[in-house]
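Accompanying notes for the structure given below.
Values in this text are rule-based calculations from the coordinates and carry no lab data. Quick caveat: nothing in here was measured; it's all calculated off a predicted structure. Counting neighbours? That spans all protein chains shown, and the Cβs are built from the backbone with ideal geometry, glycine included.
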Amino acid sequence: MKIAFASDHAAVEARGPIVAEIERLGHEVIDFGYDGSESVDYPDFAIRALRAFRQGEVDRVILMCGTGLGMSYVANKVTGVRCARCLDEYDAQLCRTHNNTNCLALRARHQDPALNRRIVEIWLTTPFEGGRHQRRIEKIESVTADFRAPDPTLPGAEDDDMDRTGGCGCGCSCDR
Ligand code: RB5
């Protein structure tokens with residue numbers, strides 16, 4: 001698979017072994033940074049990787065920041081993206097078998113690097129189970145549709161041109 005990877009300054013040290021692990025497992029990494037010495041804003045880097053996913057240039061996304069949380073918040077705002085912030089093997093397995101996640105968020109701080117590598121391996125090798133879980137992930141989109149519509153009472157709502165129509169662009173049932 002092609003994997004988009006992005007991280008912020010909190011993951012400058014931790015990112016290399018994760019990229020190497022993805023490649024060791026036979027995947028191609030498209031690296032959207034960050035590997036410099038400044039303090040940066042994680043949404044700026046998350047969105048580059050997520051845009052590549054939305055444009056069909058990559059199959060999945062892996063994001064990394066201090067906690068993994070900020071990156072996951074950005075990802076889960078993008079239509080068609082199901083992102084799990086995983087702290088252990090159980091999270092990694094179940095977010096694939098039950099939730100068919102297409103985005104993984106890792107924390108760089110307060111985490112064993114070997115455990116993060118194991119999470120990546122499980123996440124990249126575990127298939128989706130489908131069945132009742134397919135129905136449930138489709139409901140994520142349907143039950144939230146009203147709440148993703150523009151709120152006409154908010155300033156700027158008339159300028160809202162966000163694409164909410166096509167899930168990931170090829171229907172939300174696919175593995176992209
Ligand atoms: C940066 O200090 C930190 O806030 C960021 O890496 C991330 O953990 C945010 O959720």
Review point. Of the residues that make up the stretch 3-10, is at least one touching a helix residue (DSSP H, G or I) at 6+ places or on another chain (Cβ under 6 Å), at positive phi and within 16 Å of the ligand (Cβ to nearest atom)?
Key: no
Check your understanding: Does Leu63 fit the bill of being touching a residue at least 12 places away in the same chain (Cβ under 8 Å), crowded, with 21+ Cβ neighbours inside 10 Å and within 12 Å of the ligand (Cβ to nearest atom)?
Key -> yes
Check your understanding: What are the residues in the stretch 16-34 that are closer than 18 Å to Cys83 by Cα, of a type outside the set (Phe, Trp, Tyr) and within 16 Å of the ligand (Cβ to nearest atom), if any?
Key -> Ile18
Check your understanding: Filter the stretch 109-138 for residues that are basic (Lys, Arg) and under 19 Å from the mean Cα position of the chain (by Cα); which is nearest to the ligand (Cβ to nearest atom)?
Key -> Arg109
Revision key, fill the gap. Of the candidates Leu106, Leu50, the one satisfying the condition of being within 15 Å of the ligand (Cβ to nearest atom) and under 16 Å from the mean Cα position of the chain (by Cα) is Leu106
Revision key, fill the gap. Here the residues within the stretch 86-103 that are part of a loop (DSSP other than H, G, I, E, B), crowded, with 21+ Cβ neighbours inside 10 Å and within 16 Å of the ligand (Cβ to nearest atom) are Cys86
